[in-house]
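Asker: Before we start, here is the structure in question, set down as structure tokens.
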């Protein structure tokens, strides 16, 4: 999966979140996965057969809902001449809007982040989003091991997330003699403590990087010679030994060492999404703190930069939860819009609908709404800009949120 697919991944995550908790009345919810090599007309023909089979359902309500869902899905497929390169995923079904009997048939479609491997049609009481969720798993998962004789930190780096999963202290004595012990006796005791610590680390790495997570590469680092002693002593599981891609000198071990590993291994990790996000946020911070820097933040300034085509890259936090609502007067087609938190969209629509049109005074409108990321992507495309979604759970993502979670890197100051 390309590191630049942040908007597509955001849309997939949002769709999964939206559909995961929806339940149908009986087996009325249709899930359809179409691989890229399947012809659109074949997929439509398959659904037409399912429509005929659904005619045998005894319950009138269930039969009608399933057939309506299949009809909606077929109508949506007819908009495509060919299946996209990654395939196509369609969900369709009757869902209640205000209790039983208020069901409305909805349809969702998405181009998945990875190729669909097998054609799948399912009619169930829930949408089959688990296959889409599996596609979000990053192909490259790196284990991070930052070790010294005093402590060790284990981390997992995957896509846009860094998780520090284990921290241990060694309990090993310092390198000074104590209590009149001979230097040799003291060193033997210290070597035994170090061996015991290495064995503990080995058990934890096996559990973390093999049993719980199937990593594709392991990066080891730390201050001093401890990391080399650990590796040369072959304490690592043989599978992990083969996956070591780099051994780096660090200033820290433990938690800070894991973070330092990510910084120092940026060339090795260049295709990992987190590294790209760090680069973008750090570039934004550099520009916004520079006199006359090429960056703006806040929705009004970002929208202005997009409209003037001076924006090059728009950065949006993945948990912004804003929706753009547009109302078009049915009488004179005058438009008005607002961007509000998702939690306030119902009240906002009511308020916009109650206010007379500024041009003709009418109060009948056609409403539409879009997630802010979708709205920004449309405007950005027209001006040749790009939208990047930044994970809010990272250190850089948290820093970015202090600027309101939306910003733009500029081509020039307008």
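Asker: Note down the nm distance, to one decimal, between modelled labels 7 Å out along Cα→Cβ at residue 370 and at residue 169.
Answerer: My value for the distance between the label points is 5.5 nm.
Asker: Could you please state, rounded to a whole Å, how far the C-alpha centre of the stretch 82-111 is from the C-alpha centre of the stretch 26-79?
Answerer: A separation of 11 Å, based on Cα centres.
Asker: Sticking with this structure for a sec: Quick one: if you stick a label point 7 Å off each Cα along the C-beta vector at residue 256 and residue 120, how many nm between them?
Answerer: Computed distance between label sites residue 256 and residue 120 equals 4.6 nm.
Asker: Then there's this: Could I have the simple spin-label model distance between residue 392 and residue 140, label points 7 Å from Cα toward Cβ, reported in nm to one decimal?
Answerer: 2.8
Asker: Quick one: Cα centre-to-centre distance for the stretch 248-300 and the stretch 345-414, in angstrom?
Answerer: 26
Asker: Something else: According to the square roots a ≥ b ≥ c of the eigenvalues of the Cα gyration tensor, what is the shape class of the stretch 6-134, taking rounded for a/c under 1.5, prolate for a/b larger than b/c otherwise, and oblate for the remainder?
Answerer: Oblate shape, in that a/c is at least 1.5 and b/c is the bigger or equal ratio.
Asker: Could you compute the FRET efficiency for residue 347 and residue 98, with r as their C-beta to C-beta distance and R0 at 22 Å, rounded to 0.05?
Answerer: Calculated value: 0.80.
Asker: Taking 25 Å as R0, compute the FRET efficiency from the Cβ-Cβ separation of residue 231 and residue 206 and round it to 0.05.
Answerer: Computed FRET efficiency for residue 231 and residue 206: 0.95.
Asker: Additional query: Would you mind classifying the stretch 301-414 by shape? Square roots of the alpha carbon gyration tensor eigenvalues, ordered a ≥ b ≥ c; an a/c under 1.5 is rounded, otherwise it is prolate if a/b is larger than b/c and oblate if not.
Answerer: Judged from the Cα gyration tensor, the stretch 301-414 comes out oblate (a/c at least 1.5, b/c at or above a/b).
Asker: Would the stretch 214-253 count as rounded, prolate or oblate if I go by the C-alpha gyration tensor, calling it rounded below 1.5 in a/c and otherwise prolate when a/b exceeds b/c, oblate otherwise?
Answerer: Judged from the Cα gyration tensor, the stretch 214-253 comes out oblate (a/c at least 1.5, b/c at or above a/b).
Asker: Binning at 20 angstrom from zero up to the longest distance, how are the C-alpha pair distances of the chain distributed in percent?
Answerer: P(r) over the chain, rounded to whole percents: 21, 42, 28, 8, 1.
Asker: What does the helix-only formula give at 222 nm for the chain: each DSSP H stretch with n ≥ 4 adding -39500 (n - 2.57), the total divided by the residues, and the result rounded to the nearest 500 deg cm²/dmol?
Answerer: -11500 deg cm²/dmol
Asker: Can you put 220, 389, 340, 104 in order of Cβ neighbours within 10 angstrom, beginning with the fewest?
Answerer: Lowest to highest Cβ neighbour count: 104, 340, 220, 389.
Asker: Mind giving me the FRET efficiency for residue 130 and residue 80? R0 is 25 Å, r the Cβ-Cβ distance, nearest 0.05 is fine.
Answerer: 0.55
Throughout, read-outs are computed from the coordinates displayed, never taken from laboratory work. All figures in this text were calculated on a predicted structure; none of them were measured in a lab. Reconstructed Cβ throughout: ideal geometry from the backbone, glycine too, with neighbour counts over all protein chains shown.
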